[in-house]
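Throughout, read-outs are computed from the coordinates displayed, never taken from laboratory work. It should be emphasised that the depicted structure is a prediction, and the values quoted were computed from it without experimental measurement. Cβ: placed from backbone, ideal geometry, glycine included. Neighbour counts: every protein chain shown.
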Amino acid sequence: MKAHLLLSRRVLLATALALTATSPVANAEDYPTRPVKMIVSTPAGTGPDVIARIVADHLTRLWGQQVVILNQPGANGAIAMRAAATSAPDGYTLFLSVFSNYVTLPEWKLPFDAARDFVPIGFVSEQPMFVGVTPALGVNSLQELIAVAKKRPGEINVGVGAPRGFLPHLTAEWLRKATGADMTIVHYPGAAQAITDLIAGRTHVVIENLSVFEGPMAGGTLKPLAVASNRRWPTLPELPTATESIPGFVANGWFALAAPAAIPSGIAHKISDDLRTVLGRSDLKRRFLELGSYTRPMSPDELVSFIRSEQELWRPIVSEIVSTPK
């Protein structure tokens, strides 16, 4: 594992250096001259897909060339990674990578590795996890939830609408580990099923992003307890952060744009610069905020450092999950 981590670090640093090279590429100034594909590893209508379509729409308007979304779900993201990694490295196939592509999947020893097979183009947005409960549980804070879970070991069910090793699951595992509360994690095919069981009383807690919570919150069937971010959420200023109860407890999903590893540096630079331009638009920021996400533009080398820090933060929990039988 140490050797794998060292290799990933070296490759990430190498890709950053490639992107900061100053050698010109002849066709970079004219890019793009035809439609661009953006591969997404989840089905249409999911969170990553919605984020991708917003970015694609803004890039389409900036470039005057259509950015087409290709949804290729399956194998926890490996199918999309394979399709993107084996595409021509000419800038006309991009990959909207998510947290799990860089943090979780490498531990599964898949044949494609985001750190090796892709060049990070730019950070798109962060999306913190929220912790919510059924009102029937009778708790009004994260501290009260932890206290109830400790009094009723194994009885409190935490619903996660994501596969093993993905962020909702990792957040639930970290919550158990950080608090010593013995809660039972229940996996669902998607967030909608977890919410359905919460409303029906079959599960007590759901960990997901804000867009999943909005309907149930409005209907009074879900009570938010905390947001796992460094700051309170702008549209819910009364909602505490998880760090106010559990120091250091920050769990953010995130999206980044990547390209096949051999993309010319000039084209990679242009895409990165243009991405920063559209992410700075007020209407895009406003739409992201409505989805429980916020922009955080980074240069490619800043993105490399960020990815490395995320890998180091989550590796102990991911490694434990990988080594534990299902």
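For the chain, the Kirkwood hydrodynamic radius from C-alpha pairs, put into Stokes-Einstein at 25 °C and a viscosity of 0.890 mPa s, yields a diffusion coefficient of 120 µm² per second.
Using a cutoff of 8 angstrom between alpha carbon atoms and counting only pairs six or more residues apart, the relative contact order for the chain works out to 27 percent. When you restrict to C-alpha pairs under 8 Å that are six or more residues apart and normalise by the size of the range 35-96, the relative contact order lands at 49 percent.
Calculate how many DSSP beta bridges within the chain are antiparallel, expressed in % of all such bridges and rounded to the nearest 5.
Details: 23 of 39 bridges.
Of those bridges, close to 60 percent are antiparallel.
Quick one: Debye curve from the alpha-carbon atoms of the range 280-326 only, equal weights, vacuum; give me log10 I(q)/I(0) at q = 0.19, 0.26, 0.29 Å⁻¹ to two decimals. Log10 I(q)/I(0), no solvent term: -0.77, -0.88, -0.94. Starting from the Cα gyration tensor of the range 201-326, take the square roots of the eigenvalues, sort them a ≥ b ≥ c, and report rounded, prolate or oblate (rounded when a/c is under 1.5, otherwise prolate if a/b is larger than b/c, else oblate). It is oblate, given that a/c is not under 1.5 and a/b is not larger than b/c.
Between 0 and 90 degrees, the angle of helix 210-219 with respect to the longest Cα principal axis of the chain falls at about 40 degrees. Applying 1/(1 + (r/R0)^6) with r as the Cβ-Cβ distance of residue 140 and residue 319 and R0 = 41 angstrom yields a FRET efficiency of 0.70.
Count the net charge of all other residues whose Cβ sits under 13 Å from the Cβ of residue 133, scoring Lys and Arg as +1 and Asp and Glu as -1.
Details: positive: 223; negative: 144, 197, 208.
So the surrounding residues net to -2.
With each label modelled as a point 7 angstrom along the Cα→C-beta vector, the residue 218-residue 33 pair spans 4.7 nm. Calculated on the Cα set of the range 130-244, radius of gyration then Dmax: 12.7, 34 Å. Computed on the range 130-244, with alpha-carbon pairs under 8 angstrom and 6+ residues apart, the relative contact order is 35 percent. Counted by Cβ distance under 14 Å from residue 232, the other residues give a net charge of -1, where Lys and Arg count +1 and Asp and Glu count -1.
With r as the distance between the Cβ atoms of residue 65 and residue 88 and R0 = 25 Å, compute the FRET efficiency 1/(1 + (r/R0)^6) and round to 0.05.
Details: r = 16 Å, r/R0 = 0.65.
Using R0 = 25 Å, I get an efficiency of 0.95.
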